[in-house]
Amino acid sequence: MKKITVSSLLKMKAERQKIAALTAYDASFAKLFDEQNIDVLLIGDSLGMVLKGEDSTLGVTIAEIAYHTQCVSNGVERAFVIADMPFMSYANEQQAYESASQLMRAGASMVKVEGGEWLLSTISGLVERSVPVCGHLGLTPQSVNVLGGFKVQGRSDEQADALLKAALALQAAGVQLLVLECVPSSLAKQISAALQIPVIGIGAGVDTDGQILVMHDMLGISANYMPKFSKNFLTQTGDIRSAVSSYIEDVKSNTFPGSEHWFN
Ligand code: KIV
């Protein structure tokens with residue numbers, strides 16, 4: 001069993017092997033996902049919605065993410081662990097360094113930040129200080145109040161150009177992975193082809209370098225509703241281990257997501 005690293009993820013992109021990722025928040029699920037050979041686990045600030053029952057991710061604190069990162073790290077041997085920097089925990093560079101150090105000390109191998117050009121110097125500062133960074137573009141849930149809801153992004157030519165430009169700028173600033181959420185599948189394909197770093201999609205079609213789902217959505221146990229881009233793998237398999245391995249297999253074989261799960 002070989003531990004997944006940033007270099008393994010880059011190699012997977014080069015060899016056109018899809019990356020399968022899930023969110024996780026505790027040691028037991030992390031261990032179960034790890035045993036099924038999930039490549040990446042994200043301690044997402046989605047925990048505000050799926051664990052705390054809130055209607056956005058804005059109430060999540062750095063202490064909560066650090067606690068859950070420690071729990072997940074305790075359950076993992078193989079998967080690459082990324083921790084989300086929550087809302088307002090990287091509003092300036094000094095704050096970003098302090099937040100990232102808490103998450104790396106809790107066991108993360110990379111931190112994730114939401115946003116484009118305004119983050120470039122923060123990202124290069126983190127990378128210079130040995131913190132690997134994952135970007136997040138498209139629907140960035142921490143900006144829900146600015147975006148006017150959880151809406152598909154990048155549908156106009158102007159928005160699509162801006163997203164491509166932002167993705168290239170993030171890569172140049174040093175991000176080593178990019179999450180692309182809820183954008184038209186053709187745009188996700190274009191961005192994934194333009195970048196050297198792996199692009200992990202959610203609601204972004206089948207042509208990204210990998211897929212991520214919120215674990216509660218993948219198991220069909222989310223308290224609120226099932227997003228169009230997600231799929232309940234538990235109903236078709238009947239037990240959690242098989243649901244996870246079926247998700248991984250479907251991602252690796254390009255069977256998930258199907259066209260019913262993506263946006264045009
Ligand atoms: O918070 C989260 O779980 C995420 C994923 C949906 C990518 O950012």
Suppose accessible area is computed on protein heavy atoms with a 1.4 Å probe; arrange 69, 237 from highest to lowest.
237, 69
Provide the solvent-accessible area of residue 13, counting protein heavy atoms only and rolling a 1.4 Å probe, rounded to the nearest 10 Å².
30
For region 85-197, max minus min Cα coordinate along each principal axis, in Å, sorted largest first?
39, 31, 22
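Please grab the % of Cα pairs in region 1-116 that end up more than 25 Å from each other. Write out the running numbers ahead of the final one.
Values: 1452 of 6670 pairs.
Across region 1-116, Cα pairs with separations above 25 Å total 22 percent.
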Taking the full set of protein chains and a 1.4 angstrom probe, give the accessible area of residue 28 in square angstrom, rounded to the nearest 10.
90
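Pull out a ≥ b ≥ c, the square roots of the eigenvalues of the alpha-carbon gyration tensor of region 13-60, then state rounded if a/c is under 1.5, prolate if not and a/b is larger than b/c, and oblate in the remaining case. Before the final figure, lay out the partial values.
Numbers: a/c = 4.19, a/b = 1.76, b/c = 2.38.
Here region 13-60 falls in the oblate category.
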Express the relative contact order of region 79-232 as a whole percentage, based on alpha carbon pairs under 8 Å and six or more residues apart in sequence.
16
Estimated vicinal HN-Hα couplings, Hz - region 154-167 in sequence order (Karplus 6.51, -1.76, 1.60; Gly, Pro = x):
x, 7, 7, 4, 5, 5, 5, 4, 5, 5, 4, 4, 5, 4
Amide proton proximity set for residue 24, modelled H, under 5 Å, gap of 5+
42, 43, 44
Find which of 264, 113, 37 sits farthest along the positive direction of the dipole of the chain, computed with +1 on the beta-carbon of Lys and Arg, -1 on that of Asp and Glu, about the Cα centre.
37
Quick calc: nm separation of the 7 Å Cα→Cβ label points for residue 61 and residue 121 -> 3.0
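State the Kirkwood hydrodynamic radius of region 128-186 in Å, one decimal place, computed from all pairs of distinct Cα atoms. Write out the running numbers ahead of the final one.
Details: mean 1/r = 0.0813 Å⁻¹.
In region 128-186 this quantity evaluates to 12.3 Å.
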Under 5 Å between amide hydrogens, which residues at least 5 positions from residue 19 or on another chain qualify, with H placed 1.01 Å from N in the peptide plane?
210, 211
With only alpha-carbon atoms in the gyration tensor, what are the semi-axes of the equivalent ellipsoid for region 147-264, in Å, largest first?
27, 16, 12
Charges only on Cβ, +1 for Lys and Arg, -1 for Asp and Glu: so what's the dipole of the chain about the Cα centre, in debye to the nearest 20?
520
Given N residues in region 188-256, what is Rg(Cα) / (2.2 N^0.38 Å)?
1.17
Amide H neighbours of residue 139 under 5 Å, at least 5 residues apart or on other chains, H built in the peptide plane: list them.
153, 181, 182
Over the chain - Rg/Rh using Cα atoms and the Kirkwood inverse-distance radius:
0.92
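Where the convex hull is taken over the Cα atoms of region 50-127, what is its projected area averaged over directions, in nm²? Each step should come with its number before you reach the end.
Working: hull surface 22.0 nm².
Value for region 50-127: 5.5 nm².
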Can you tell me the relative contact order of the chain? Whole percent, Cα pairs under 8 Å, sequence separation 6 or more.
18
Can you work out ³J(HN,Hα) from phi for every residue in region 98-113, in order, using Karplus 6.51 cos²θ - 1.76 cosθ + 1.60 and θ = phi - 60°, giving whole Hz and x for Gly and Pro?
5, 5, 5, 5, 4, 6, 5, 5, 7, x, 6, 9, 6, 10, 10, 10
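The values are calculated or read from the model by the stated rules, or taken from the named source; none is laboratory data. A quick note: this is a predicted structure, and the numbers were derived from the prediction, not measured. Virtual Cβ from ideal backbone geometry, glycine too; neighbours counted across all protein chains shown. Only protein heavy atoms, including side chains, enter the accessible area calculation; ligands, DNA and RNA are left aside. Shrake-Rupley method; radii C 1.70, N 1.55, O 1.52, S 1.80 Å.
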